[in-house]
Amino acid sequence: MTLPAPSIVALAHRLEQAELNAAPISMLTDEHPEIDLADAYAIQDAIRDAKAARGANVRGLKMGLTSAAKIRQMGVSEPIYGFLNADHALHSGAEISTAQLIHPKVEAEIGFVLKHPLRGPDCQIEDVLAATAYIVAAVEVIDSRYQDFRFDARSVIADNTSAARYVVGERHLDVTSLDLPHLKISLRKNGIVAAVGSGADVLGHPAASVAMLANMLGSRGRYIPAEVLIMTGGATEAVPVHAGDCITVDYDGLGSISMQFT
Ligand code: OOG
Ligand code: MG
């Protein structure tokens, strides 16, 4: 850690105001090049605490930058994690107002919910699958609070990994019947295919992303609780959206999710 506690709280406040006012700010590391990874996660924690103090619940956890497509698109190559707010969850068919967002993009993901908590280190794909209660198709709406959607790893971690909204599909309880690496995903914007991917695009297997999350949390003395949603990261590159756009994502064997931006 390099930053004193009051600076952590002040930077968290600046980021949260940017989110709540849909008004972008410059990258935190432009002003504070000394920020390290521990500071960045501490700022993210302070945002979570500020939301919790106002009664917002955490619904889950997310991994980011877990596919080659996302790493190439954002130019940041380390997987990162953040949290999902309960009041940012939406159902398929939802209307999403772009007025509350800065420069939203959508990305197709696979979600897990566990029946047992998972603790690193040494968590592996098999441990994740044995602990899984169900799988869901999920679409994340990301919205960086930084100008031009440009950031480095520390800045995007502090900004809760650009988390903004997420749309979750139906539950698939029969986990063993799903061939997750070969599960094909196709994202259409206004009827035209804009991105395609598969489960294997997420670290070779989306359960590897959950295992990595357990191991990353474990290194900070934390764990993945049971019953929370875990989003494993965009399998495809993120696609920018504007008012009027309709997004539909089809997942082989997991159904479809759609949303209308207004
Ligand atoms: C950072 C968040 C990445 C994912 O699924 O890769 C992420 C960003 O690209 O803005 O959520
Ligand atoms: Mg994501």
Which percent of the accessible heavy-atom area of the chain goes to carbon and sulfur, probe 1.4 angstrom? 52
For Ser219 and Ser7, what is the calculated FRET efficiency with R₀ set at 25 Å and r taken between the beta-carbons, to the nearest 0.05? 0.60
How would you order 96-105, 152-161, 225-234 from highest to lowest mean count of nearby Cβ atoms within 10 Å? 152-161, 225-234, 96-105
Lys, Arg +1 and Asp, Glu -1 on Cβ, resulting dipole of the chain about Cα centre, debye, nearest 20: 280
Using a Förster distance of 30 Å, the FRET efficiency for Arg150-Ala130 (Cβ separation, nearest 0.05): 0.15
Which of rounded, prolate or oblate describes the range 132-200 when judged by the alpha-carbon gyration tensor and an a/c cut-off of 1.5? prolate
Just the number: Rg to Rh for the range 94-178, Cα atoms, Kirkwood Rh, two decimals. 1.06
Identify all aspartates and glutamates with a Cα-Cα distance to Lys51 below 14 Å; exclude those on the same chain that are fewer than 8 residues away in sequence. Glu16, Glu19, Asp87, Asp159
Specify whether the C-alpha gyration tensor of the range 1-109 places it in the rounded, prolate or oblate class, a ≥ b ≥ c being the square roots of the eigenvalues: rounded for a/c under 1.5, otherwise prolate if a/b is larger than b/c and oblate if not. oblate
Whole-Hz ³J(HN,Hα) for each residue in the range 188-205, computed from phi via Karplus 6.51 cos²θ - 1.76 cosθ + 1.60 with θ = phi - 60°, x for glycine and proline: what do you get? 10, 10, 6, x, 10, 4, 10, 7, 10, x, 8, x, 5, 5, 9, 6, x, 6
May I ask you to compute the full-extension gain from Gln100 to Ser77, defined as 0.36 nm times their residue separation minus their alpha-carbon distance, rounded to one decimal in nm? 5.4 nm
What is the log10 of I(q)/I(0) for the range 106-262, computed with the Debye formula using one identical point scatterer on each Cα and no solvent, at q = 0.10, 0.12, 0.20 Å⁻¹? -0.36, -0.52, -1.31
So, in Å, what gap is there between the alpha-carbon centers of the range 1-80 and the range 95-120? 16
About its Cα centre, what dipole magnitude does the range 22-134 give when the only charges are +1 on Lys and Arg Cβ and -1 on Asp and Glu Cβ, stated in debye to the nearest 20? 460
Determine ³J(HN,Hα), in whole Hz, for all residues of the range 156-168 in sequence, where each value follows from phi through the Karplus function 6.51 cos²θ - 1.76 cosθ + 1.60 and θ = phi - 60°; x replaces Gly and Pro. 6, 5, 4, 7, 6, 6, 6, 4, 9, 9, 8, 10, 10
Leaving out same-chain residues fewer than 8 places away, which lysines sit with a Cα under 24 Å from that of Lys184? Lys62, Lys70, Lys105
The chain, Kirkwood Rh and Cα Rg, ratio Rg/Rh at 0.94
Residue separation between His91 and Arg119 times 0.36 nm, minus their alpha-carbon distance, gives in nm 7.1 nm
With r as the distance between the Cβ atoms of Asp179 and Ala68 and R0 = 22 Å, compute the FRET efficiency 1/(1 + (r/R0)^6) and round to 0.05. 0.60
What number comes out for the charge environment of Ala238, summing +1 per Lys or Arg and -1 per Asp or Glu over other residues with Cβ under 12 Å away? -1
Relative contact order in percent for the range 1-119 (Cα pairs under 8 Å, 6+ apart) equals 24
Per the rule of 0.36 nm per residue minus the C-alpha distance, extending Ala23 to His242 adds in nm 77.2 nm
By the scheme Lys and Arg +1, Asp and Glu -1, what is the net charge of all other residues having a beta-carbon under 11 Å from that of Ala137? -3
If amide H atoms are modeled at 1.01 Å from N in the peptide plane, then the residues at a separation of 5 or more from Ala195, or on another chain, having amide H under 5 Å from its own are Leu187
Inter-probe distance in nm under a simple model that places probes 7 Å from Cα toward Cβ, at Arg14 and Asp30: 1.0
Across the range 250-260, in residue order, what do the Karplus-derived ³J(HN,Hα) couplings come to in whole Hz, using 6.51 cos²θ - 1.76 cosθ + 1.60 with θ = phi - 60° and x for Gly and Pro? 9, 10, 3, x, 10, x, 10, 10, 9, 7, 10
Quick check on the chain: helices-only [θ] at 222 nm, where DSSP H runs of length 4 and up contribute -39,500 (n - 2.57) each and the sum goes over total residues. Nearest 500, please. -8000 deg cm²/dmol
Given the convex hull over the Cα atoms of the range 56-133, what projected area results after averaging over all orientations, in nm²? 7.2
Using only Cα atoms, what Kirkwood radius does the range 29-77 have, in angstroms? 13.2
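The values are calculated or read from the model by the stated rules, or taken from the named source; none is laboratory data. A quick note: this is a predicted structure, and the numbers were derived from the prediction, not measured. Because the Cβ atoms are built from the backbone with ideal geometry, glycine has one as well, and the counts that use them run over all protein chains shown. Just the protein is used for accessible areas: all its heavy atoms, side chains included, with ligands, DNA and RNA removed. Shrake-Rupley method; radii C 1.70, N 1.55, O 1.52, S 1.80 Å.
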